[in-house]
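Down below is the structure, laid out as structure tokens.
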Amino acid sequence: MKITFLFIHILMTSMLLAYDHSMKDATLPSKKAHKNGDTATLQSLVLNVTESAVNKDHITAVILLAKDKEGRSLDVTDRAIWHITPPKALKIEGHTLTALKDGNVTLQAEYEGLRSDPVTLTIYWEVDGHRLPPEPDPKINNATLLGIDVNHNGIQDDVERWIYEKYDHPIKRGILMQNARAYNKVIVDPSRAKETMKYADKSLSCEFYWIYIKKPTPLNKYDHYNHIKKLKRQQFNTVDRLNRYHKI
């Protein structure tokens, strides 16, 4: 995938440079050159990013062109000062932009005292076709029993993201997601625990299959018990949630 993005970058750069025939052997004066009577002063910056939506930990291409009053252009990407909001959402090295944190990001370039128009990017987090929900505000998320669940899959968004951040094996992720969904169902109404515990039982059956029957297995029963303990600490992280769980 990275090779594809770099190919796109090379193609985009070639097209932009070929478009302006005066680019050959061109050098632009600085913005201050007009003091010496040079009329071809630096006039504007044009910032282009190949993709406006980028998956977290993936790359795309970026280019900054400086233009003067005579219409000449020069690639000044390597000499740009980058202004990124939020600051740690992106990393730019040369013509390569790496998405580091999901969310809406504003990018602006500065060169010779001029700034480009801002570019808005959407950084999303998708793993094996599953798009993760955005990081919820902790105060809002912890104000209710079940927290925030913007994708309506029965799992708190912070817990879902925690599972994907901590575990990279799809089987481990799947079982922990199933556990988290079951826990949410049973704490909604502890008085119906006998009825709702069937969801937890299904999760246990799945775990049993992968630990004791399926060979080879990615799961170790002792490690998995520790993973479940960590999941419970993550999920039952408020007094209300913990009390509900203890009533089951």
Exception for Gly94 within (1) closer than 24 Å to Leu65 by Cβ; (2) of a type outside the set (Asp, Glu); (3) at pLDDT below 95 falls at (3)
Here are Ile92, Ile155: which of them is more than 30 Å from Gln43 (Cβ to Cβ) and either in contact with a Cys (Cβ under 9 Å, 6 or more places away or on another chain) or among the aliphatic types (A, V, I, L, M) (or both)?
Ile155
Could you give every pair whose Cβ atoms fall below 6 Å, whose first residue belongs to the stretch 46-60 and is crowded, with 19+ Cβ neighbours inside 10 Å, and whose second residue is part of a loop (DSSP other than H, G, I, E, B), counting only separations of at least 6 or pairs across chains?
Leu47/Ser116; Thr60/Thr50; Thr60/Glu51
Please determine, by comparing only the residues of the stretch 156-170 that are loosely packed, with under 14 Cβ neighbours inside 10 Å and part of a helix (DSSP H, G or I), which one is farthest from the chain's Cα centre (by Cα).
Pro170
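Just give me the residues in the stretch 44-65 being over 20 Å from Glu126 (Cβ atoms) and at pLDDT 95 or above, in sequence order. Before you say what the answer is, go through the steps one by one.
Within the stretch 44-65, the first condition is being over 20 Å from Glu126 (Cβ atoms), and the residues that meet it are 44-48, 62-65.
Within the stretch 44-65, Leu45, Val46, Leu47, Asn48, Val62, Ile63, Leu64, Leu65 meet the criteria.
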Quick one: count up the residues across the stretch 189-230 that are among the hydrophobic types (A, V, I, L, M, F, W, C), modelled with pLDDT of 80 or more and either farther than 15 Å from Ile171 by Cβ or outside any helix (DSSP H, G or I) (or both).
0
Index of the failed condition, Ile175 passing every other in (1) in contact with a Lys or Arg (Cβ under 9 Å, 6 or more places away or on another chain); (2) at pLDDT below 95; (3) among the hydrophobic types (A, V, I, L, M, F, W, C):
(1)
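The values are calculated or read from the model by the stated rules, or taken from the named source; none is laboratory data. Just so we're clear, the structure is a prediction, and the values are computed from it rather than from any experiment. Positions of Cβ are backbone-derived with ideal geometry, glycine not excepted, and every protein chain shown enters the neighbour counts.
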